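Data block below; observations after.
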Amino acid sequence: MNVVRLRSAGGELEAAFAPDAGLVGCSLTHRGEELLAQRQGLEEYARSGATFGIPFLHPWANRLAGFAYGVGGQEVALDRDSGLLRIEEHGLPIHGLAPHALRWQAEERGDALRAHAELDRERLEAFPYPHRLEVEVTLADDALTLRTTLIPTGAIPVPVAFGYHPYFVLPGAPRAEWEVELPVDRQLVLDENMIPTGEHEAPEFRRGALSDRSLDNAYVMPERARPFTVTGGGRTLGVEFLDGYTYAQAFAPAEKELICFEPMTAPANALISHEGLRLAPPGESFSAAFRITVDG
């Protein structure tokens with residue numbers, strides 16, 4: 001499998017992305033230590049979509065509440081048996097249309113990567129909004145920046161609901177000692193299927209030791225967003241929401257040594273609820289960027 005490897009100018013950070021497996025970020029090392037949870041690894045991600053590293057979630061992030069949606073005059077019924085769908089434990093489609101199987105054309109130049117992809121016929125049947133995707137990754141000694149641009153290629157606007165799901169680990173520190181900061185004021189109320197109800201509430205947890213706490217919460221990003229951070233083992237990892245990402249998810253299951261800060265361009269289920277959903281009109285583009293910072 002083709003893996004593109006990047007190295008920062010000073011050699012502090014190295015990253016790897018797999019264009020043949022959805023352009024997943026499969027490694028990010030700082031001074032030789034891996035910062036991404038490897039879980040079941042690249043081969044399994046390419047085979048089944050079992051998430052790890054930094055997967056791209058497209059054309060929707062996280063869950064839909066059902067198997068039909070309508071946006072911009074298009075009514076879509078998803079095929080439950082389609083190989084493009086991943087059905088999670090609540091029986092709902094999650095993480096888009098097999099983004100792990102989306103093939104990208106990529107080129108790298110040492111500390112940067114540019115890639116592009118377009119939807120094939122099968123994907124367009126399930127998401128009938130023609131568009132091109134472009135990704136630019138740049139690596140510095142203290143950060144990885146990832147910008148994604150969606151460009152409509154047809155005559156209809158394209159709903160924007162993609163996101164990313166970076167899985168972090170902190171070498172040298174047990175999970176219970178990881179110090180977390182979530183700089184948010186509004187948390188989305190979720191129903192029993194983890195679908196937003198449309199209501200908001202104040203977050204119960206914003207900062208402190210992760211301890212045995214389990215997180216799977218969704219947030220509205222404030223206008224002046226500060227980084228989500230996790231600190232331990234002499235390092236602080238952060239996710240900065242640079243532009244375009246208006247929602248976020250924090251995920252840290254109690255039994256796993258990992259934590260995720262997920263940039264999202266719309267909340268879960270936006271293709272059905274239309275809550276927070278934006279459209280990219282023909283002739284224009286939509287761009288969103290986030291940065292993973294490493295302070296150690």
Charges on Cβ only, +1 for Lys and Arg, -1 for Asp and Glu, centred on the Cα centroid of the chain; of A254, F56, P171, which one is farthest towards the dipole's positive end?
F56
Quick one: M194, M264, M1, fewest Cβ neighbours within 10 Å first, how do they rank?
M1, M194, M264
The base-10 log of I(q)/I(0) that the Debye equation returns for the stretch 4-295 at q = 0.09, 0.16 Å⁻¹, one scatterer per C-alpha, is -0.40, -1.38
Using alpha carbon centroids, what distance separates the stretch 18-36 and the stretch 82-155, in Å?
16
Hey, got the dipole for the chain? About the Cα centre, +1 on K and R Cβ, -1 on D and E Cβ, debye to the nearest 20?
380
When the helix-only estimate is applied to the chain (DSSP H runs of n ≥ 4, each -39,500 (n - 2.57), divided by the residue count), what is the mean residue ellipticity at 222 nm, nearest 500 deg cm²/dmol?
-1500 deg cm²/dmol
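No value in this document is a laboratory result; all are computed from the given coordinates. These numbers come from a predicted model, not from an experiment. Here Cβ is always computed from backbone atoms with ideal geometry, including for glycine, and neighbour counts include all displayed protein chains.
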